[in-house]
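Undergrad: So that we are looking at the same thing, I have put the structure below in structure tokens.
Just so it is clear, none of the values below were taken in a lab; they were calculated from the coordinates. The shown structure was predicted, so the numbers you read here are calculated from the model rather than taken from an experiment. Counting neighbours? That spans all protein chains shown, and the Cβs are built from the backbone with ideal geometry, glycine included.
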Amino acid sequence: MSPSQGSSDGSPDSIAEFVDGDPRAAALLRSSLGDLRRRLADEPGNAALREGIGRVLEGRLSLRELAADPELRLLADRGMTEVQHAWHALRPEERARLVAEGRAADHASGGSGEERR
């Protein structure tokens, strides 16, 4: 299935919809979801979430439905807390370098390179 097509059962592709039909963004999101699904295989207690991600990748569950899953919200919250702690542990020069690299990468991929909120 290409990123802009629906699933095999004819339903719309919620991943492509989420990224406004951008095939590169859809491919990246699919890859990230696959990576997350594999990572969850190593953690006990995440079988339902792992299955939900698989259902999204197969087109049997929408990304919106998955996003409403309390397990995913908890996982995202833990992850963001870890990122926040790691960010604050960096020296100001390291943070500035990472921001500059991110903006350059965004610009190179066709983005504006501007901060988004």
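Undergrad: For a quick protection proxy, order the peptides 58-68, 83-93, 35-45 by their average other-Cβ count within 10 Å, most packed first.
TA: The peptides rank, most packed first, as 58-68, 35-45, 83-93.
Undergrad: Using a simple spin-label model with points 7 Å from Cα along the Cα→Cβ vector, what separation in nm is obtained for ALA105 and HIS88?
TA: Taking the simple label geometry, ALA105 and HIS88 are separated by 2.4 nm.
Undergrad: Okay, next question. Tell me, what ³J(HN,Hα) does each residue in region 87-98 have, in order and in whole Hz, if you take phi through Karplus 6.51 cos²θ - 1.76 cosθ + 1.60 with θ = phi - 60° and put x for Gly and Pro?
TA: Result, rounded to whole Hz: 4, 6, 7, 6, 6, x, 5, 5, 4, 4, 5, 5.
Undergrad: With the calculation restricted to Cα positions, what are the radius of gyration and Dmax of region 70-117 in angstrom?
TA: Over region 70-117's Cα set, Rg and Dmax evaluate to 13.6, 37 Å.
Undergrad: Now for a separate question. When the convex hull of the Cα atoms of region 36-109 is projected onto a plane and the area is averaged over all directions, what value comes out in nm²?
TA: The directionally averaged projection comes out at 6.7 nm².
Undergrad: Suppose the chain between ARG78 and GLU58 were pulled fully straight at 0.36 nm per residue; how much longer would it get relative to their current alpha carbon spacing?
TA: 4.6 nm
Undergrad: Would you kindly derive the ³J(HN,Hα) couplings of region 64-76 from the backbone phi angles with the Karplus curve 6.51 cos²θ - 1.76 cosθ + 1.60 (θ = phi - 60°), listing them in order in whole Hz, with x for Gly and Pro?
TA: Residue by residue, region 64-76 yields 4, 5, 5, 4, 7, 5, x, 5, 5, 4, 5, 4, 5 Hz.
Undergrad: Determine, for SER109, SER14, the number of other Cβ atoms within 10 Å of each Cβ, and report the residues in order from fewest to most.
TA: So the residues, fewest neighbours to most, are SER109, SER14.
Undergrad: Using label points projected 7 Å from each Cα along Cα→Cβ, tell me how many nm separate ALA41 and ASP69, to one decimal.
TA: Output for this residue pair reads 1.6 nm.
Undergrad: Still on this model: Grab the Cα-Cα distance for ALA27 and ARG95, subtract it from 0.36 nm times how many residues apart they are, and report the gain in nm with one decimal.
TA: 21.7 nm
Undergrad: Given H placed on each backbone N at 1.01 Å, which residues far from LEU61 in sequence or on other chains put an amide H within less than 5 Å of it?
TA: VAL56
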